[in-house]
1. First check a/c for segment 62-158, with a ≥ b ≥ c the square roots of the eigenvalues of its C-alpha gyration tensor; if it is under 1.5, answer rounded, and if not, answer prolate when a/b is larger than b/c or oblate otherwise.
2. For ARG50, what residues show an amide H to amide H distance below 5 Å, using hydrogens built from the backbone and excluding near sequence neighbours?
3. Can you tell me the dipole magnitude for the chain around its Cα centre, using point charges on the Cβ only (Lys, Arg +1; Asp, Glu -1), in Debye to the nearest 20?
4. Where does helix 195-208 land angle-wise versus the long Cα axis of the chain, in degrees 0 to 90, nearest 10?
5. Between THR210 and VAL169, what FRET efficiency comes out of the Förster formula 1/(1 + (r/R0)^6) with R0 = 41 Å and r the beta carbon distance, rounded to 0.05?
6. If each residue of separation counts as 0.36 nm, what is the full-extension length gain between ARG41 and ALA130 once their alpha-carbon separation is subtracted?
7. Give the label of the value calculated from the structure for percent of Cα pairs over 24 Å apart, choosing from (i) 45; (ii) 42; (iii) 51.
8. Please work out whether segment 1-60 counts as rounded, prolate or oblate from its C-alpha gyration tensor, where a ≥ b ≥ c are the square roots of the eigenvalues and a/c under 1.5 means rounded, while otherwise a/b larger than b/c means prolate and anything else oblate?
Amino acid sequence: MEFRSRYVISAPRSGLNWLRYCVEHFWALRTPGITSLIDRRAQPQPAFLRSHDAEGQLGAFAAASHRPVPEAAAHGPLLLILRDPLESYVRMADQALPAMAGYVGNLRYFARHPGPKRVAYYEDLTTDPAAMRAAILHLGLPEHMAPSVDDMAAEWDALARASRASYAVNQKRGGGPQTADDPQNFTFHQQRLNAQDKARVWAYLEAELTEAERAPLTRYRKDMP
């Protein structure tokens with residue numbers, strides 16, 4: 001399968017770098033973006049492409065990571081990495097609803113994508129090697145190169161620490177890892193929000209998205225009144 005037909009879409013700060021690190025470590029295939037483990041000169045073509053802005057909300061002059069998914073990938077495998085919208089609202093959008101446009105656009109694009117598609121949740125990718133393996137295999141990466149779940153689990157904690165250390169360097173401008181001391185605290189950022197703030201985010205999502213487009217958010221919505 002041609003790499004240009006495989007796409008991962010996610011809002012920034014949603015776990016894409018961790019997935020990339022796992023692909024490069026376990027599959028020995030380069031991924032797009034800032035070099036983690038495999039240099040571009042060693043493997044010019046990445047295993048897949050990615051976008052933080054599947055619908056191109058930022059326009060033609062956006063950085064490569066924020067360009068829309070091209071028509072050429074319309075029928076290829078699509079992976080949406082999703083994080084709790086309240087976490088993204090604080091961590092990625094700096095508590096500005098207009099900055100959630102890319103998050104919303106990714107959900108819209110995912111809903112109408114006609115090809116094979118899968119949602120991978122930030123929390124699962126962080127804690128569950130089986131979820132990570134399934135997400136990567138969904139992209140069509142060679143299964144014969146895939147480690148077993150047990151093999152991934154044996155390296156999981158050490159690899160996660162190495163990934164966070166790499167992220168601290170590569171993503172220094174974005175603040176680096178914010179939960180390095182407590183990586184399974186999945187409500188860390190939204191602790192800054194009060195009930196009214198949270199309700200405002202959900203009202204925005206409900207106004208911008210249809211019920212079908214909001215469906216992947218169900219696991220997060222259940223905690224709201």
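No lab work stands behind these numbers, since they all come straight from the coordinates. This is a predicted model, so every value here is computed, not measured. Don't worry about glycine lacking a Cβ; one is built from the backbone with ideal geometry, like all the others, and counts go over all protein chains shown.
1. oblate
2. Close amide H contacts, sequence-distant or interchain: VAL8.
3. My answer is approximately 540 debye.
4. With both axes taken from Cα atoms, the answer is about 70 degrees.
5. The formula returns an efficiency of 0.50 here.
6. In short, 29.0 nm is gained.
7. Given (i) 45; (ii) 42; (iii) 51, the calculated one carries the label (ii).
8. Prolate.
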